[in-house]
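Before any comments, here is the structure.
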Amino acid sequence: MPEITINKGYELYQIITDFGDPLEIFREAFQNAIDENATEVYCNVYELKKMSGSELIIDIWNNGNGLPKQKVACFFDLANSSKVDDNLIPLKGKLGYKGHGSKIFFNSRKVLITSKTREEYWTVELNEPLKQIEQNNAIEYSSFKLPVDCGLELPITWEQGFFVRIIGHLHFNTQHTKYKLNHKNLRDYSKWYTVFGTIRTIFDEKLKNEGIKLYLHGLDIESFREEYNSVIDMDPLPQFKIINNIAFEEIDLGHYFPMERYTDKTMKAYANLINSSKAYYEYYSKMIFKEKVNCSDGTQFNLLINIEGYETKRCYDILLTRRGKSRTEISHTDSERYGVWACKGGVPVQKIDEWIEGAKGTYSFMQAFVDCDKFKLTANRGSINNSELETLEIVKEKLNEIFNNQKIKDSINERVEIEKLENQLMSIEEDGKLLKERYKISAKKRIINLPNGVKLLEPTKRSSGYSESETMVLFINLIANYPKLFNFNLLDYDTTKGIDFVVEDQSNPKYIELKGTLHKKINHPFRHIYKFICYEIDIPEDDIVTDIEDFKTTLRINKGDKFFSFDANFKDKIYKSFQLIPDRAAITSMEILELKSLLADVIGATIS
């Protein structure tokens with residue numbers, strides 16, 4: 001009978017790259033450490049400066065059980081785990097048993113591991129794993145080496161431990177992705193989506209008292225320390241520890257739940273304690289359910305439901321967006337983060353708000369965690385969809401029974417009503433503030449006087465540059481007044497991911513990217529951009545301008561160029577032109593239309 005064959009190299013490549021978020025490196029490493037009974041886990045992310053640039057290093061080490069030499073293959077092999085028994089049943093309490101997790105480390109230039117047991121102390125290295133797959137359809141790692149020769153030694157006082165160094169991980173090779181490793185973002189991920197965010201410490205007193213800690217050092221940690229070292233309304237205040245001249249934030253094992261405050265007296269007392277001018281009821285916090293739940297078929301799960309006010313969440317979840325503030329690349333909304341979560345090993349895995357009948361989308365004021373050992377995770381541990389359908393239905397049915405309990409419903413409804421009141425009051429207050437601010441700004445705005453007598457408002461200039469949306473309004477008004485001013489036809493525009501226009505260039509679709517002020521770091525790929533339109537350029541001539549792929553261009557200025565226009569009144573007018581000249585043939589040069597100079601040189605407008 002023919003035997004099924006597997007393309008080992010291709011399958012290994014798929015596993016290495018099959019992760020939804022590159023930060024899962026940390027989820028896997030921290031889980032492996034706790035699975036091996038570590039009580040101290042250290043993580044240091046830094047850049048090593050070299051003549052050719054800098055290289056990203058991720059060091060993670062722990063004082064857990066070291067890996068014996070005879071089991072080194074368990075780290076490098078696919079689906080070969082040291083955490084299953086002879087019948088391939090996961091050992092009790094172990095989550096990293098699939099033999100897939102450490103493969104996310106391999107999406108890098110180099111990986112080194114050091115292991116120390118009471119009998120052995122060694123290092124092994126793996127070089128260019130993806131290149132090895134490409135060339136040989138397989139991966140080979142080195143023979144055993146001395147840690148001292150590889151510069152990868154564990155603390156001398158430790159009798160055992162494990163160290164992994166990841167060099168040049170490919171997910172973080174541009175600034176567009178490297179920001180994820182900033183300390184503020186990395187701590188947020190660690191405290192929610194790794195074992196250090198487990199809810200098990202609420203139910204397991206012994207685990208809670210073991211004093212397991214993560215010592216974390218992300219990129220730009222000094223800025224974080226400076227910003228949050230003494231913020232009175234941050235709960236809890238971050239704790240730092242200096243080890244070998246490196247600053248680490250000390251993070252306890254276990255998901256953080258704020259102190260309960262649900263009476264007027266306790267909420268007012270807390271608001272007064274932190275000297276807050278916010279409405280006291282926004283500091284609401286109440287644990288309305290905390291039990292181990294038994295189902296009819298014997299299935300068990302831990303369930304926590306904590307109801308929280310607007311400011312309560314923001315005291316400890318510092319990346320939550322705020323009313324009236326723009327979202328940043330690392331911030332998240334209440335509805336993205338809060339609601340009902342399915343957990344495995346106490347670690348949040350997947351949002352399941354839709355499980356609650358008749359209430360989808362209403363739980364942004366609540367942390368609820370359903371932690372069931374019978375949940376089975378997909379290979380990349382990103383979902384519980386491998387669970388048996390019957391198990392999911394049984395847990396779902398029991399969960400709805402609890403949410404339909406009158407006591408639980410009353411607590412949720414109470415919070416819903418307060419939430420509505422908060423939103424109404426804040427909306428009135430914010431609208432009033434915004435009206436006054438806009439009125440004040442409008443009085444200071446400069447007027448663009450067009451030759452045809454039309455008057456337009458100059459875009460507002462803020463600390464980051466001119467307003468992008470107001471630049472778009474100005475641009476559309478120019479087209480309305482002078483339909484043939486530009487030598488291109490707009491086919492489409494979209495404001496959902498920044499503001500850009502679609503045009504056709506030699507039968508190929510291209511973007512015209514619109515900015516208020518053009519800076520020298522572009523958050524889009526040059527390869528798809530035909531032109532830039534901005535109100536002002538904040539770049540000196542001959543300076544380097546880069547995109548998210550780190551392609552480099554040089555700004556060139558020609559003060560005596562001729563303007564290309566479909567309108568005979570403006571065609572060949574002498575104006576100051578701007579071009580981005582690429583350093584390689586993979587992209588073409590791009591014109592920048594600076595409206596501020598174009599208004600004066602081509603149209604003949606004045607600003608007053």
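Observations on the model:
- Segment 447-607: relative contact order as a whole-number percent, Cα under 8 Å and 6+ apart: 19 percent
- For the chain, with +1 on Lys and Arg beta carbons and -1 on Asp and Glu, the positive-most of 276, 70, 482 along the dipole: 482
- Cα-based shape type of segment 447-607, given that a ≥ b ≥ c are square roots of the gyration tensor eigenvalues and the cut on a/c is 1.5: rounded
- Debye, to nearest 20: dipole size of the chain, +1 on Lys, Arg Cβ, -1 on Asp, Glu Cβ: 1360 debye
- Set of aspartates and glutamates near residue 562 by C-alpha distance (under 18 Å), chain-local residues within fewer than 8 positions excluded: 572, 591, 594, 601
- Entry note, the chain: relative contact order of 8 percent, from Cα contacts under 8 Å with a spacing of 6+ residues.
- Counting only DSSP H runs of at least 4 residues, each contributing -39500 (n - 2.57), and dividing by the residue count of the chain, the helix-based mean residue ellipticity at 222 nm comes to -7500 deg cm²/dmol.
- Remark on residue 289: its backbone amide H falls under 5 Å from those of 305, a criterion applied only to residues 5 or more positions apart or on other chains, H modelled at 1.01 Å from N.
- Relative contact order, whole percent, for segment 8-252 stands at 22, derived from Cα pairs under 8 Å and 6 or more residues apart.
- Angle of helix 24-35 to the longest C-alpha principal axis of the chain, folded into 0 to 90 degrees and rounded to 10: 20°.
- Cβ crowding within 10 Å averaged over residues, with 238-244, 178-184, 459-465, 363-369 ranked highest first: 363-369, 178-184, 459-465, 238-244
- If you take all other residues with their beta carbon under 14 Å from the beta carbon of residue 239, and give Lys and Arg +1 and Asp and Glu -1, the sum is +1.
- Using R0 = 45 Å, the C-beta based FRET efficiency linking residue 455 and residue 327 works out to 0.85.
- Label-point separation in nm, residue 232 to residue 435, each point 7 Å along Cα→Cβ: 3.3 nm
- For GluC sites (Glu not before Pro), the sites in segment 234-273 that DSSP calls loop and that have at most 16 other Cβ atoms within 10 Å are 260.
- Cα centroid separation - segment 556-571 against segment 251-276, whole Å: 63 Å
- Alpha-carbon centroids, segment 143-187 and segment 295-332: separation in whole Å: 30 Å
- Counting DSSP beta bridges with both ends in the chain, the antiparallel % (nearest 5): 80 percent
- When the Cα positions of 242, 509, 307 are compared along the charge dipole of the chain, 509 comes out farthest toward the positive end, with charges on each C-beta of Lys, Arg, Asp and Glu.
- Annotation: amide H of residue 344 within the under-5 Å range of 349, sequence separation 5 or more or interchain, hydrogens built in the peptide plane.
- Under-5 Å amide H pairs with residue 257, H placed in peptide plane, nonlocal only: none
- For segment 132-190, the list of GluC sites (Glu not before Pro) that fall in a loop by DSSP and count at most 11 other C-beta atoms within 10 angstrom reads 140, 159.
- Order of 148, 195 - criterion: other Cβ atoms within 10 Å of each residue's Cβ, fewest first: 148, 195
- Think of the chain as having a plus end and a minus end, set by charges on the Cβ of Lys, Arg, Asp and Glu; of 266, 435, 218, 435 sits farthest toward the positive end of this dipole.
- Segment 448-469 and segment 347-422 have Cα centres separated by 49 Å.
- Point-charge dipole on Cβ atoms (K/R +1, D/E -1) for segment 314-371, about Cα centre, debye to 20: 320 debye
Values quoted throughout were computed directly from the atomic coordinates according to the rules given, and no laboratory measurement underlies them. None of these values were measured; they are calculated from a predicted model. FYI the Cβ positions are ideal-geometry reconstructions off the backbone, even for glycines, and counts take in every protein chain you see.
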